[in-house]
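Quick notes on the structure that follows.
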Amino acid sequence: MNFRDNLVHLRAVNNMTQEQLAMRLGVSRQSVAKWEAGKSYPEMDKLLALCQVFSCTLDELVQGDLTAREADSSLAVSGSAQPEDVFGYDEQMRSFANKISNGVMAIILGVALCAMFGAIGEASEGAAHAISSNVFVSLSILLLFAGIAAGLALIIPAAMSHSAFVKAHPYVSDFYRPEDKARARSAFSRELIGGICCIFLGVCAVVFLADTSYEDVLGTPVMLSLIAVGVRFIIHGGMMLGRTNLHDYNKSAGEYLTPEEIASSDLPHEQKQQMISAHESDKRIGAICGAVMMLATIVGLVLLFASPFQLYFWLAWVVGGLLCGIIAVLMKAFSANA
């Protein structure tokens, strides 16, 4: 017997569809179909995964005769069974959304605290307690870097974990039910509205305190704090909604894989070409955005040490981030229409 006959029998006797087996292995249904048709052969890691799925040895699967084996009750599924989240995709994406949104919020809160203590320090200049001004300015810088450090401590490990997950599972079959996607859309609507309301309240706060002695000490920090909460809601809601779009996940997996890894993967040829194209486009976007953010950093540092504009140095990164977002959207749009 050969591998093809063993695979066809084991899948059929366990009442498992090609899609269900593909989902367990982290490959596309087309890959399983090609294996069974003898048009291609799985790589070693997929062969070992098949051995685990069907509880057999590599020799039995590749060279033995397993066509007499009966169904395994632990594997059998009904033909109408709802696909399952075999790889823990949902848990991974929930954790990713929480850490990224909380990390961004922590950074903006650090800026808010920096603005507040910096304003207090400026207000105390010229007073009898001159040393307190230096203390508040130092504390404001310390809180700024503490917020940035806390945010990066959440964002960087989350990004690395997500990248490793995508590399290990570049293809995940859609297991979300229509009601799951409907709940995600409803949750996104609530978080989007809540985020907009928080940002609006922040703007109202700074307008209300404008031209008062509390504008810099209280107005700006309160506005930034509410913006931080609002941005957290919007980012979290958007990422939680995006996690249910597995078509986009499978398509964008090329961002985390090298061209060589894409070429050697068990993915359909069309998807490989899409991923390679997206990979090249993302490299161009990354290079341009890197240059923009380097320029924003230079401008931010200049503003930080320019006395009239110290309180607004953080705007450089906001503007840089917005420019990067605009550049990414426009380049992806033109790339899609090319």
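The values are calculated or read from the model by the stated rules, or taken from the named source; none is laboratory data. Remember, predicted model here, so these are calculated numbers, not experimental data. Cβ sites come from the backbone with ideal geometry, for glycine too, and all protein chains shown count toward neighbours.
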Could you say whether any residue in region 2-15 is over 13 Å from L61 (Cα atoms) and acidic (D, E)?
-> no
Hey, among S225, S173, S163, which residue is of a type in the set (S, T, Y), under 20 Å from the mean Cα position of the chain (by Cα) and either part of a loop (DSSP other than H, G, I, E, B) or closer than 30 Å to E122 by Cα (or both)?
-> S173
Just give me the residues in region 103-117 being under 20 Å from H236 (Cα atoms) and among the small types (G, A, S), in sequence order.
-> G103, A106, G110
Which listed residue, of A306, A296, A278, is modelled with pLDDT under 75 and either closer than 30 Å to A22 by Cβ or surrounded by 18 or more Cβ atoms within 10 Å (Cβ to Cβ) (or both) | A278
